[in-house]
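Engineer: Okay, here's the structure, questions in a sec.
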Amino acid sequence: MHDIRAIRENPDRFDAALSRRGDAPVSAELLAMDEARRAKIQAAESAQAEANKAAKEVGAAKGRGDEEEFERLRKLVAEKKAEIARLNEEAKAEDAALTARLAEIPNLPADDVPDGDDEDDNVEINRWGTPREMNFAVEHFEIPAVKDAMDFETAAKMSGSRFVLMSGPVARLHRALAQFMLDIHTLENGLTEVNPPVLVRDEAMYGTDKLPKFGDDSYRTEEGMWLIPTSEVPLTYIAAGHVIDEDYLPRRYTAHSLCFRSEAGSAGRDTSGMLRQHQFEKVEMVSVTHPDESDAEQKRMLRCAEDILERLEIPYRTVVLCTGDMGFGARRTYDIEAWLPGQKAYREISSVSTTGDFQARRMNARFKPAGGGKPQFVHTLNGSGLAVGRCLIAVLENGQQEDGSVKIPAALQAYMGGRTMITADGALA
């Protein structure tokens with residue numbers, strides 16, 4: 001959510017920042033709506049002052065025995081009360097319209113975000129690891145060790161397309177990855193583990209900028225609850241409505257949860273395998289910080305995610321997204337892309353974004369400065385640490401051997417009962 005006062009003070013700067021995203025200028029429209037709202041409020045205040053003055057004079061007219069003046073004033077008070085009620089309702093409607101319009105406008109990019117139209121204009125800032133020479137590499141679902149343990153047909157019979165039924169060592173490896181990530185984040189990175197609900201109300205989705213923009217990409221129950229697209233939603237919404245002490249910041253959370261996305265805008269994309277599913281799992285990271293610390297916090301979160309891939313021996317590259325490829329709520333986003341030998345390409349496995357106070361304004365999350373003064377909005381950040389299913393794909397494809405087996409990364413072997421391989425026939429060894 002944007003601050004209408006900031007737009008009022010510098011509308012040209014606001015429009016210029018939006019234009020970097022490829023969006024048309026809107027400040028004139030917003031300021032006209034703001035002026036209409038303020039005019040109604042001022043008219044209501046003037047009417048209230050007139051009503052107050054007339055109310056004081058009613059008694060005096062009655063005391064003088066001036067019945068004609070008494071009746072005129074009494075009628076005026078009643079008319080002003082009706083006028084005030086009408087103006088307040090109109091002001092409320094104007095305010096709701098302005099708020100709804102502001103909610104449709106994406107966050108402004110940070111000054112250091114590169115300009116661009118799409119993913120081709122993203123800028124690589126880091127690369128780690130060297131992909132193995134593998135002339136035998138196939139995609140994850142084609143690896144002999146995996147074929148029988150990754151069943152898309154049975155899942156489709158139950159649930160339709162974009163679901164998978166995992167079993168045996170592959171299901172165990174998927175669980176091991178989530179546990180490994182949680183252990184690193186909680187025991188080494190200082191995050192607090194949370195087990196949040198996966199069903200949330202409209203307010204939580206709206207407060208974390210998923211509504212109204214992404215309603216079609218999410219699932220809603222008949223009772224009006226939303227299945228979370230990521231645990232960013234409940235983790236960030238912990239701060240909603242609170243005014244916390246400055247020394248309580250930063251708050252750092254992590255959660256392993258089911259996530260649900262309808263993928264409404266991705267028809268025909270990544271239909272093979274489990275790269276793009278309606279139901280998947282992620283280990284999410286969320287930070288709630290002081291505004292002065294949010295840029296440094298984003299870099300810290302990025303390193304937490306990169307470190308997971310390094311421990312799993314998965315080559316990756318990190319890019320900063322250009323203005324045309326950033327998500328709706330982000331000021332700046334770093335994507336980590338893991339090397340997938342089966343596709344011979346780097347594919348996104350984590351996004352680490354700072355939203356500034358964009359989400360905090362929507363959910364009224366503030367902190368009390370230690371030195372006194374008015375409460376200020378916190379900054380919120382989120383990042384995948386990592387997407388478990390995509391990480392499984394990367395582990396399987398990078399660990400595949402020429403004989404059809406899969407080597408388990410050393411970092412995961414303790415979580416797999418000390419086993420080092422999934423054999424070509426799908427057994428642990």
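The values are calculated or read from the model by the stated rules, or taken from the named source; none is laboratory data. All values derive from a computational prediction rather than experimental measurement. In this analysis, Cβ positions are derived from the backbone assuming ideal geometry, glycine residues included, and neighbour counts consider all displayed protein chains. The accessibility values were calculated without ligands, DNA or RNA, using every heavy atom of the protein model including side chains. Shrake-Rupley method; radii C 1.70, N 1.55, O 1.52, S 1.80 Å.
Engineer: Considering only DSSP states other than H, G, I, E and B, which chymotrypsin sites (Phe, Trp or Tyr not before Pro) in segment 108-181 qualify as loop sites with at most 15 other Cβ atoms within 10 Å?
Structural biologist: Here the sparse-neighbourhood loop sites are Phe136.
Engineer: Apply the a/c threshold of 1.5 to the C-alpha gyration tensor of segment 162-236 and tell me whether it is rounded, prolate or oblate. Display every interim value, and only then the final one.
Structural biologist: Working: a/c = 2.89, a/b = 1.43, b/c = 2.01.
It is oblate, given that a/c is not under 1.5 and a/b is not larger than b/c.
Engineer: Let me ask something else. Give the peptides 211-222, 32-43 in descending order of average Cβ contacts within 10 Å, highest first.
Structural biologist: By packing density, highest mean first, the sequence is 32-43, 211-222.
Engineer: Then there is this: With 25 Å as the limit, write out which pairs from Lys282/Lys368; Lys40/Lys368; Lys210/Lys374; Lys92/Lys368; Lys40/Lys80; Lys344/Lys407 have Cα-Cα distances beyond it, or answer none.
Structural biologist: Lys282/Lys368; Lys40/Lys368; Lys210/Lys374; Lys92/Lys368
Engineer: If you take every residue apart from Glu402 with its C-beta less than 15 Å away from the C-beta of Glu402, what net charge results, scoring Lys and Arg +1 and Asp and Glu -1?
Structural biologist: With Lys, Arg at +1 and Asp, Glu at -1, the neighbours total -2.
Engineer: Could you estimate the translational diffusion coefficient of segment 83-163 from the Stokes-Einstein equation, with Rh from the Kirkwood formula over C-alpha pairs, at 20 °C and 1.002 mPa s, in whole µm²/s? Numbers along the way, then the final one.
Structural biologist: Numbers: Rh = 20.1 Å.
Rounded to a whole number, D works out at 107 µm²/s.
Engineer: Set Lys and Arg Cβ to +1 and Asp and Glu Cβ to -1, take the dipole of the chain about its Cα centre, and tell me which of Ala82, Leu381, Val320 lies farthest positive.
Structural biologist: Value: Ala82.
Engineer: Tell me, Kirkwood radius of segment 58-217 from alpha-carbon pair distances, in Å?
Structural biologist: On the way: mean 1/r = 0.0407 Å⁻¹.
Radius from the Kirkwood sum: 24.6 Å.
Engineer: Quick one: grab the alpha carbon gyration tensor of segment 198-315, order the square roots of its eigenvalues as a ≥ b ≥ c, and give me rounded if a/c is under 1.5, else prolate or oblate depending on whether a/b is larger than b/c.
Structural biologist: It is oblate, given that a/c is not under 1.5 and a/b is not larger than b/c.
Engineer: I would also like to ask the following. Determine the sum of side-chain charges near Pro250: Lys and Arg each +1, Asp and Glu each -1, restricted to other residues whose C-beta is under 9 angstrom from that of Pro250. Could the numbers behind the result be given before it?
Structural biologist: Values: positive: Arg251, Arg252; negative: Glu293, Glu297.
Every neighbour counted, the sum reads 0.
Engineer: Follow-up. For the chain, with all protein chains present and a 1.4 Å probe, just round the carbon and sulfur fraction of the accessible area to a whole percent.
Structural biologist: Of all accessible area on the chain, carbon and sulfur atoms account for 47 percent.
Engineer: In the chain, how does Rg compare with the Kirkwood Rh, expressed as the Rg/Rh ratio over alpha carbon atoms?
Structural biologist: Rounded to two decimals, Rg over Rh is 1.13.
Engineer: Between Glu124 and Lys299, take the C-beta separation as r, use R0 = 22 Å, and let me know the FRET efficiency to the nearest 0.05.
Structural biologist: For R0 = 22 Å, the calculated efficiency reads 0.85.
Engineer: Pairs of Cα atoms under 8 Å, at least six residues apart: use those to get the relative contact order of the chain, whole percent.
Structural biologist: 20 percent
Engineer: Shifting gears a bit: Give the share of C-alpha pairs in each 5 angstrom bin for segment 339-429, from 0 to the last occupied bin, in whole percents, shortest bins first.
Structural biologist: 3, 12, 14, 14, 12, 9, 6, 7, 8, 8, 5, 2, 1, 0
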